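Presented below is the structure to which this report refers.
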Amino acid sequence: MPRAMSSRPCLILLGLLCLTTALPGQARTISLTAAEMEITLPDTWKVEIDRTTVSAATEDQAVSLAITLAEGQNVTEVIRNAIGEIIREVGPLENPTEPTDFKVHGLDAVEISGGAMDGQLNITLSVIFTPNQKYLLIHTFVATSFEQKYQKEIATIAGSLKPLRRR
């Protein structure tokens, strides 16, 4: 399973990430302050946070994801850059879908998916237009043979992505 990739930083992203701790065995919510978003990840997943990226993976490395602010003048450029990263990391994106528009807690988003490594890996790229008009890019990599095993966890993670609450 490839290590989750990070995009080139589009800004100096000091303060991008702030980890909210949780009790053992619980999920943990990670605030993506520069994007004005948050996401909740299972406590059993290994999470790494640096200045620009949150990377998370299951213990068996069958699923990994990377969340980062993305560079680009528009969503087409963001997707093109992300596909370039995939090609450098795991090879060509096989059978990519056309971009699909959807909403995430009222925010506009676009998604494409495809395979890699001769069908051994399923990849989804999601671009969310954040409350502060930035592009949040999520790369999701799932080993094809483990897709059903982790389907519920992936759906729960996707459903947890939401704007930060205003105080």
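The values are calculated or read from the model by the stated rules, or taken from the named source; none is laboratory data. Keep in mind the model is a prediction, meaning the values are calculated, not measured. Ideal geometry is used to build each Cβ from the backbone, glycine not excepted, and the neighbour counts take in all protein chains shown.
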**Fill in**
Within region 67-77, the residues that are over 13 Å from the mean Cα position of the chain (by Cα) and either part of a helix (DSSP H, G or I) or aliphatic (A, V, I, L, M) (or both) are VAL75, THR76, GLU77
**Asked** Which one is nearest to PRO131 (Cα to Cα) among residues in region 25-53 that are of a type in the set (Asp, Glu) and out of contact with any Gly (no Cβ under 8 Å at 6 or more places or on another chain)?
**Response** GLU36
**Request:** Have a look at SER31, SER64 and point out the one that is at pLDDT 95 or above and either part of a loop (DSSP other than H, G, I, E, B) or not basic (Lys, Arg) (or both).
**Result:** SER64
**Message:** Can you tell me how many residues within region 78-97 are part of a helix (DSSP H, G or I) and either closer than 16 Å to LYS134 by Cβ or touching a Gly at 6+ places or on another chain (Cβ under 6 Å) (or both)?
**Reply:** 4
**Message:** Being under 21 Å from THR33 (Cα atoms) and in a strand (DSSP E or B) narrows it down to one residue among ILE138, ILE157, ILE112; which is it?
**Reply:** ILE138
**Message:** Looking at region 87-104, I want the residues that are touching a residue at least 60 places away in the same chain (Cβ under 8 Å) and have a partner that is of a type in the set (Gly, Ala, Ser) with Cβ atoms under 8 Å, at least 6 apart or on another chain. Which pairs are those?
**Reply:** VAL90/ALA116
